[in-house]
Amino acid sequence: MMGNGKTNRWRRKTKRGVSPIIATILLVAITVVLAAVLYVLVSGLTHTSVSTPYSVGMSTPSTSNPGTNTYWEIIPLSPTGGVTTAMFGLTVQKLSGVSIAASTPPATCKATNPITTTNCGAPAAAGWYIALAYQSNSTIISMYTTAWSAATVALSSAMELLLVSYTSYAATGDSLNVVSSGSSSVSGSVSL
């Protein structure tokens, strides 16, 4: 019988465990940590960086022929909030998709001048340039050929684009298209 007493004492000493309260706290802590790790992993896999889509919003242009070899396409704007000239460029494309080269505007057609036939006349043959102006008083805000002369102008519906060209693009299937620059996504297109 002596042998059994020693065995029972040894079993009692080795059967020590964690108290039920501590065990519960440990299980809850492990579960919380695992849930947090899983959340971070899943949110990292599903999160994609999408830039805010912007639109220049160009309306159907009105065409005029104010002088010899000078055609104006006046394009009212309705941009989304936050669009600036730094976020996009412009191209004029033929129906075939070929871009038409821009030309340098006359020195008299520059920022702050009101648009007139005298100061914003014809560019070089087959070329074009664009003036961004206020609709109310035709004051030029910025000029565009291959880049904007004033790069941080915030667009508004009080503005319009004046596409000045040597030959008329109206009813030819040609279009004026917005080209995003930088990381912003800016869209816009209008048939001339």
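Readers should treat all values here as calculations from the given coordinates under stated rules, not as data from a laboratory. All values reported here derive from a predicted model rather than from experimental measurement. Backbone-built Cβ (ideal geometry, glycine too); neighbour counts: all protein chains shown.
A cut-off under 15 angstrom between Cβ atoms defines the neighbours of Tyr169, and their net charge, with Lys, Arg +1 and Asp, Glu -1, is -1.
Around Met58, under 14 Å between beta carbons, what's the net of Lys plus Arg minus Asp minus Glu among the other residues? Computed value for this residue: -3.
Set the Förster distance to 35 Å, then compute FRET efficiency between Ile100 and Ser43 from the Cβ-Cβ distance, nearest 0.05.
Values: r = 47 Å, r/R0 = 1.34.
Efficiency, from the Cβ-Cβ distance: 0.15.
Seen against the Cα atoms of the chain and their longest principal axis, helix 2-14 is set at about 20 degrees.
Karplus-derived 3J(HN,Hα) values for the stretch 185-191, using 6.51 cos²θ - 1.76 cosθ + 1.60 with θ = phi - 60°, are 9, 10, 10, x, 6, 8, 6 Hz; glycine and proline are entered as x.
The modelled label-to-label distance for the pair Ile21/Thr112, using points 7 Å beyond Cα in the direction of Cβ, is 8.1 nm. Taking the C-alpha atoms only, the angle from helix 20-46 to the longest principal axis of the chain is near 20 degrees. Dividing the helix sum by the residues of the chain, where each DSSP H run of 4 or more adds -39500 (n - 2.57), gives a mean residue ellipticity at 222 nm of -7000 deg cm²/dmol.
Modelled label positions at Leu34 and Ser64, each set 7 Å beyond Cα in the direction of Cβ, lie 7.5 nm from each other.
Using R0 = 25 Å, the C-beta based FRET efficiency linking Ser183 and Thr152 works out to 0.95. Obtain the radius of gyration and the Kirkwood radius of the chain from its C-alpha atoms and give Rg over Rh. Across the chain, the Cα-based Rg/Rh ratio is 1.64.
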